[in-house]
Amino acid sequence: MSEHKPSVQLPEGYLEFYQDLESWQNEEAIKLAKIYETPKYDIIKHLKNSKKPLLQEVNNGIEAEQLKDVYHRLLIFLQDARPAISSDLSVFIKRIDDIDFKQVIDAFCKADYEYLESLAADFTTNTDLFIFTIDHAIRPFFRIFARSYQENLRDFEFYWDIPSICPVCGAKSHICHLSSDEGQRIMFCDRCFSEWKVRYLSCVYCGHDRPGDINVIKLADDPAYQIYVCEKCKGYLKTYDKRENEGRSVDLYITNIETIYLDMLAQEKGYTNHDEN
Ligand SMILES: [Zn+2]
Ligand SMILES: [Zn+2]
């Protein structure tokens, strides 16, 4: 299937904001790497036995005070980058001592969004903003934690049972890439930057793999950016195919944001990324 790229404009400054946020997080991660001691686990053994993302079950070693410091710096960064939401952010700064960061860390690791929603509701009517700020403050920690497992996840012959969910931090992934050599499909987590393998022709949501039911939609004018679709569960997954771009790597975190036109195209055709679940 070959389609034309839908024309869609991201709001002015949107992409730049995420690029600045990612740079800020990279700088925080450099600082944190000196003080945050990550416990080490046998991730392969863990995934095989428990079938649950690693951070959901093990001690993450994140100290509440360290997260609080990062959170405070993030709010100051955001006040500068996003003056329009400054008044909400001031409330978060003023009430930072009311946040139980130990509980927050637990809630993020265990995907306890009920706790986060109720905490957020105590601070603001804009609960999404509150959760966004906490989520982005914890990401530098998760990225450091996940680094130890990059090699394991890339090399081993084991395919993770729930390929749409990050095996390290449990976040939902929306994008994969195809490696330049054999076209191995590799999922990417934009929360902790982990990558893990997934079978070439199999749906990451329902596991369906009947030939003919898993298709790839390509853009005639931009063939490196594609959408895998499953006719059984109507799921779609965005894909960056390095082989169509001279083997060039891209920042998948930014690519995921940039390729909103792929989401639109897939959704117009009746496919879903199953985010409602
Ligand atoms: Zn992750
Ligand atoms: Zn499916």
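Normalised by the number of residues in the chain, the mean separation of alpha-carbon contacts (under 8 Å, six or more apart) gives a relative contact order of 20 percent.
Only one residue of 15, 134, 186 has its Cα farthest out toward the positive end of the dipole of the chain, where Lys and Arg carry +1 and Asp and Glu -1 on Cβ, and that residue is 186. Using DSSP to call loops (not H, G, I, E or B), can you name the trypsin sites (Lys or Arg not before Pro) in segment 95-200 whose Cβ has at most 16 other Cβ atoms within 10 angstrom? In loop regions of segment 95-200 (DSSP not H, G, I, E or B), the sparsely surrounded trypsin sites (Lys or Arg not before Pro) are 95, 110, 199. For segment 27-112, the equivalent ellipsoid built from the Cα gyration tensor has semi-axes of 30, 15, 12 Å, listed from largest to smallest. What's the longest piece of the chain with no exposed GluC sites (Glu not before Pro), counting a site as exposed if DSSP puts it in a loop and it has at most 12 other beta carbons within 10 Å? The longest such stretch corresponds to 38-156. Stretching the chain fully between residue 222 and residue 12 yields a gain of 73.4 nm (0.36 nm per residue, less the alpha carbon separation). When cysteine pairs in the chain are screened for C-beta atoms closer than 4.7 angstrom, the residues that find no partner are 109, 176. The calculated Kirkwood hydrodynamic radius for segment 137-277 is 15.3 Å, given to one decimal from all distinct C-alpha pairs. If each Cα of the chain is one equal point scatterer, what is log10 of I(q)/I(0) from the Debye formula at q = 0.07, 0.11 Å⁻¹? At q = 0.07, 0.11 Å⁻¹ the computed log10 ratios are -0.27, -0.68.
Reducing segment 240-277 and segment 1-43 to their Cα centroids gives an inter-centroid distance of 15 Å. In loop segments of segment 210-277 as defined by DSSP, the trypsin sites (Lys or Arg not before Pro) with at most 13 further C-beta atoms inside 10 Å of their C-beta are 248.
Only beta bridges with both residues in the chain are counted; by DSSP, about 75 percent of them are antiparallel.
No lab work stands behind these numbers, since they all come straight from the coordinates. Note that the structure is a prediction, hence the values are computed from the model and not measured. Because the Cβ atoms are built from the backbone with ideal geometry, glycine has one as well, and the counts that use them run over all protein chains shown.
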